[in-house]
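Shown next, in structure tokens, is the structure this report addresses.
The values are calculated or read from the model by the stated rules, or taken from the named source; none is laboratory data. Model, not experiment: these values are computed from the prediction. So basically every Cβ, Gly included, is an ideal-geometry build from the backbone, and we count neighbours across all protein chains shown. Protein only, heavy atoms only, side chains kept; ligands, DNA and RNA dropped before computing areas. Shrake-Rupley method; radii C 1.70, N 1.55, O 1.52, S 1.80 Å.
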Protein chains: 2
Amino acid sequence: MRPRCSVYIATSVDGFIARPDGAIDWLPGPDPVIGDFGYEAFMASVDAVLLGRSTYDLVCTMDGWHYGHRRVMVLSRRGVPVPEAHRGKVTVHAGPPADALASLAAHGCKHVYVDGGVTIQAFLAEGLIDDITITTIPVLLGAGRPLFGALSHDVRLELQSSQSFANGFVQSTWRVAHPVA
Amino acid sequence: MRPRCSVYIATSVDGFIARPDGAIDWLPGPDPVIGDFGYEAFMASVDAVLLGRSTYDLVCTMDGWHYGHRRVMVLSRRGVPVPEAHRGKVTVHAGPPADALASLAAHGCKHVYVDGGVTIQAFLAEGLIDDITITTIPVLLGAGRPLFGALSHDVRLELQSSQSFANGFVQSTWRVAHPVA
């Protein structure tokens, strides 16, 4: 049984997760009044994090380590240099999405946070995403790195919850309706 | 003073308003229990409708006439053949967006429903949209005609309202924050 795979991400109203160069300057941090929009609660529910290469590059520019003792795997066909500070915290996986999940399952992982646009698109295309939480930021960027990509068929979703915050963010969670095999 | 311009449209979660060939088969009609998701109330608030060429082609395939006595203008640089049944109901405008609005204003129009992806993108790019209501349908299409396009700069939005419906639709309305001149 593969682990449950969740997406938790912010986009502009026009569906971008970053500017063309990867910048996320348009993305506000935690709100002093509202808090973190459920991020810590979500993180508390996962026991592993799967990152795409670009997202890991971004993580490498940040101070500190945000994933606690969770198993963190970076997906990259070509390999990724892991900085000294991350040794023992990060493994790099060169295989396809299902193999990465099998490896995490073999380590007892039950709920994986899948992060990064290209990685999310690959997992969605292979039917490996179970739920998607999108926090929509009230801005149009006009260009950037899209959250979603091509699919071989429609993917039906089921809305689980939707709420708006006083600062204008809208956060919705959908369950992916997997076709019955 | 130009008329207020509103967008009222449905998209997939990945931001498409139609499949690549223009099909909207994935878009459910009014719900027998929930109703029309506010469409008639919105229509009652507008006194003119501005359609792009593709949207008008779609309207031409539909039975009946859905715009009542409102002034309906089709934007097209190349001209559009208007079928017999629409004579006297539709005018075709070949000029740029601001000219079309000036023409509607000269006829006393105060609130315009701007419809069609290409047309909405052109109006947004020129700062002529005042509010945007998007009803998000719980499906990923993977490809199609996008609601949004390129912009020369960020467009800040202000959330006015957001609600979800029992069938899983999420409807949000944003006001466009026009920069102070």
(message) Looking at (1) among the aliphatic types (A, V, I, L, M); (2) over 17 Å from A:Pro3 (Cβ atoms); (3) open to solvent by 60 Å² or more (accessible area, probe 1.4 Å), which one does A:Val82 not meet, given that it meets all the others?
(response) (3)
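If we only count strands (runs of 3 or more DSSP E) wholly inside region A:126-181, which ones have 3 or more residues that are open to solvent by 60 Å² or more (accessible area, probe 1.4 Å) and either within 7 Å of chain B (Cβ to nearest Cβ) or closer than 23 Å to B:Leu27 by Cβ (or both)?
On the way: elements: A:131-137, A:155-164, A:170-176.
Per the criteria, A:155-164.
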(message) Between a residue in region A:3-29 that is over 30 Å from A:Ala98 (Cβ atoms) and among the small types (Gly, Ala, Ser) and any residue that is at pLDDT below 95 and not in a strand (DSSP E or B), which pairs come within a Cβ distance under 9 Å, given they are 6 or more apart or on different chains?
(response) A:Ser12/A:Leu27; A:Gly29/A:Asp36
(request) Would you check which residues across region B:85-125 are assigned to a helix (DSSP H, G or I), touching a residue at least 60 places away in the same chain (Cβ under 8 Å) and surrounded by fewer than 19 Cβ atoms within 10 Å (Cβ to Cβ) and list them? (result) B:Ala98, B:Ala102, B:Ala105, B:Val118
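Name the residue, out of A:Gly22, A:Gly15, that is surrounded by fewer than 21 Cβ atoms within 10 Å (Cβ to Cβ) and either farther than 14 Å from A:Gly116 by Cα or in contact with a strand residue (DSSP E or B) (Cβ under 9 Å, 6 or more places away or on another chain) (or both). Please lay out each step first, then the result.
Details: A:Gly15 fails: surrounded by fewer than 21 Cβ atoms within 10 Å (Cβ to Cβ).
Being surrounded by fewer than 21 Cβ atoms within 10 Å (Cβ to Cβ) and either farther than 14 Å from A:Gly116 by Cα or in contact with a strand residue (DSSP E or B) (Cβ under 9 Å, 6 or more places away or on another chain) (or both) holds for just one of A:Gly22, A:Gly15, which is A:Gly22.
With the structure loaded, tell me whether B:Val92 is touching a strand residue (DSSP E or B) at 6+ places or on another chain (Cβ under 7 Å), more than 14 Å from chain A (Cβ to nearest Cβ), of a type in the set (Val, Ile, Thr) and under 21 Å from B:Thr173 (Cβ atoms) or whether it fails that test. Can you show your working first?
On the way: touching a strand residue (DSSP E or B) at 6+ places or on another chain (Cβ under 7 Å): yes; more than 14 Å from chain A (Cβ to nearest Cβ): yes; of a type in the set (Val, Ile, Thr): yes; under 21 Å from B:Thr173 (Cβ atoms): no.
No; evaluated as a whole, the condition is false for this residue.
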(request) Being of a type in the set (Gly, Ala, Ser) and touching a helix residue (DSSP H, G or I) at 6+ places or on another chain (Cβ under 6 Å) narrows it down to one of A:Gly149, A:Gly168, so name that one. (result) A:Gly149
(request) Hey, can you tell me all the residues within region B:1-54 that are assigned to a helix (DSSP H, G or I) and either within 18 Å of B:Ala122 (Cβ to Cβ) or among the hydrophobic types (A, V, I, L, M, F, W, C) (or both)? (result) B:Ala41, B:Phe42, B:Met43, B:Ala44, B:Arg53, B:Ser54
(request) Return the total of residues in region A:40-69 being surrounded by fewer than 16 Cβ atoms within 10 Å (Cβ to Cβ) and without any contact (Cβ under 8 Å) to a residue 40 or more places away in the chain. (result) 13
(request) Inspect region A:19-28 for any residue being modelled with pLDDT of 95 or more and among the small types (Gly, Ala, Ser) and give the result as yes or no. (result) no
